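K.L.:
Here it is: the structure, laid out below.
What follows draws every value from the coordinates through simple rules; no lab data is involved. Owing to the predicted nature of the structure, the values given are computational and were not obtained by experimental measurement. Here Cβ is always computed from backbone atoms with ideal geometry, including for glycine, and neighbour counts include all displayed protein chains.
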Amino acid sequence: MRKKLLRSSAAGFTLIELIAVMVMIGVLFSIAAPGWLAFANRQRVNSVRDELLQEIRRTQTLAAQTRLSQQFTVIPGTADAPPKVQVARPSVTVGSQARELGSGQIEPGVIQIEFTNNIQWIEFDEKEIWFLVQNCQITG
């Protein structure tokens, strides 16, 4: 009877063993976390890049279908607002019909869109491109 009591009380993990396991898990997590964050950041940037390309193609198609000039405008993000795009007729005020990139899933200040030569828009008519975005860089 006495052997059964000793055996049952000796089963289990000690506090030191539990702490050692928790330290190992913490070390593994700290090694994996930067890689995971970089992967998630690349996915966000790729998503915005793909969405921009789709909007440019949609603008070009809309211009061809309606036979009216259409302007694709990019509004770079700030610390308070994420980047936005607007597809509208050239006479429409920029920002009046703009929509956020990333469907509201991108927090302000995470993705930056920068342009050289201050060209931020493309205008299409049914036959040609009027202005071309040059050296657009998307970072996150």
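K.L.:
Taking the highest mean first, how do the peptides 58-68, 22-32 order by number of other beta carbon atoms within 10 angstrom per residue?
P.N.:
Sorting 58-68, 22-32 by mean packing, highest first, produces 58-68, 22-32.
K.L.:
Let me ask you something else. Which FRET efficiency value, to the nearest 0.05, do you get for S103 and L28 by plugging their Cβ-Cβ distance into 1/(1 + (r/R0)^6) with R0 = 35 Å?
P.N.:
0.55
K.L.:
Also, I was wondering about something else. Between rounded, prolate and oblate, where does segment 38-128 land on the alpha carbon gyration tensor, with a ≥ b ≥ c its root eigenvalues, rounded for a/c under 1.5, else prolate if a/b exceeds b/c?
P.N.:
Prolate, because a/c is 1.5 or more and a/b exceeds b/c.
K.L.:
Once the piece of chain linking E51 and F13 is laid out straight, how much longer is it, given 0.36 nm per residue of separation minus the C-alpha distance between them?
P.N.:
8.4 nm
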